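Okay, so here's the structure we're looking at.
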Amino acid sequence: MKTHSFFESHVWAKLKTIVFCAVQWEGLNAKGSKLLSVASLDFAEDDELIKEIKADYDFIRAKLIKDGFETLTGKDGKWIQARTKGIGGVNPRTGQRRPITRAFYARTGLVKKIFEIAS
């Protein structure tokens, strides 16, 4: 992340083309489901939403570079957040602390916005 601008990042690679599948599940723990519809979105670099997401990425990236990995929290970012990836904490079998890693996650507001755009 330190060496990749937004448009070189894995975040952009995942965002620029999104495919949504609407699925109807047949009850709790269903073994079967029904595909209701499929929609795809192709974002451009100059879309307003992408500019805002890029601003989140740039803020989080600058914080990482300036203040270090430990300062990143899930509170940063309007549309995306860098938060703990995996379960973290202490492994109950070994008593050893699991490594702390971060990944970018879409906030619920972004998911809602993308669904609005897709429909």
**Report entry** Dipole magnitude of the chain, debye to nearest 20 (Cβ charges: Lys/Arg +1, Asp/Glu -1, about Cα centre)
**Finding:** 740 debye
Report summary line: One quarter of the C-alpha convex hull surface, i.e. the mean projected area of segment 1-67 in nm², amounts to 6.8 nm²
**Report entry** Those residues of segment 78-100 whose amide nitrogen sits under 17 Å from the label point placed on Ala62, 7 Å along Cα→Cβ
**Finding:** 78-82
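For every other residue with a beta carbon closer than 11 angstrom to the beta carbon of Lys85, add +1 if it is Lys or Arg and -1 if Asp or Glu, then tell me the sum.
On the way: positive: Arg83, Arg98, Arg102; negative: none.
Value of the local net charge: +3.
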Report summary line: XL table Lys31/Lys54; Lys16/Lys85; Lys31/Lys51; Lys31/Lys75; Cα-Cα > 31 Å flagged, in table order, is Lys31/Lys54; Lys31/Lys51; Lys31/Lys75
**Report entry** Sum of -39500 (n - 2.57) over DSSP H runs of 4+, divided by residues of the chain (222 nm, nearest 500)
**Finding:** -9500 deg cm²/dmol
Report summary line: Dimensionless Rg/Rh of the chain, both radii on Cα and Rh by Kirkwood, sits at 1.06
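Explain nothing, just the number: relative contact order of the chain, from Cα pairs under 8 Å at least 6 residues apart, as a whole percent.
Here the relative contact order equals 18 percent.
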Requested in this report: With a bin width of 10 angstrom, please list the P(r) values of segment 50-119 as percents of all Cα-Cα pairs, from the 0 bin to the one holding the largest distance.
Outcome: 19, 40, 26, 13, 3
Query - Per-residue ³J(HN,Hα) for segment 106-119, Karplus 6.51 cos²θ - 1.76 cosθ + 1.60, θ = phi - 60°, Hz, x for Gly and Pro - result: 7, 6, 4, x, 5, 4, 4, 4, 5, 4, 4, 5, 6, 9
Requested in this report: Specify the inter-centroid distance of segment 63-99 and segment 5-35, based on alpha-carbon positions, in whole Å.
Outcome: 24 Å
Report summary line: The long-range amide H neighbours of Arg102, using H built 1.01 Å from N in the peptide plane and a cut-off of under 5 Å, are Lys85
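Computed from the coordinates by the stated procedures, all read-outs in this text should not be read as laboratory data. Values in this document were obtained by computation on a predicted structure and should not be read as measured data. Glycine also receives a Cβ, built like all others from the backbone with ideal geometry; neighbour counts cover every protein chain displayed.
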